[in-house]
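The values are calculated or read from the model by the stated rules, or taken from the named source; none is laboratory data. What you see is a predicted model; the values in this text were computed from it and never measured. Heads up, the Cβs are rebuilt from the backbone with ideal geometry, glycines too, and the neighbour counts pull from every protein chain shown.
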Amino acid sequence: MAQQQHEHTTTVVEQGRFCLARCTCGWRGPARRARSKARSDAEDHTSTA
């Protein structure tokens, strides 16, 4: 059976004072105070997924 390739689409979501990265695959990054760090978490996820 062939394995399907799923496209990973990430977004950064703000929750109060924190931001976190989410992906369409269900992955969720840790809460961060810096938006740039949440974006970096998302980039790291898509490069290793």
Item to complete: Pick out the one residue from GLU7, GLU14 that is modelled with pLDDT under 95 and out of contact with any strand residue (DSSP E or B) (no Cβ under 6 Å at 6 or more places or on another chain).
Response: GLU7
Discussion item. Here's a check for you: in the stretch 6-37, which residue that is among the aliphatic types (A, V, I, L, M) and assigned to a strand (DSSP E or B) is surrounded by the fewest Cβ atoms within 10 Å (Cβ to Cβ)?
Written reply: VAL13
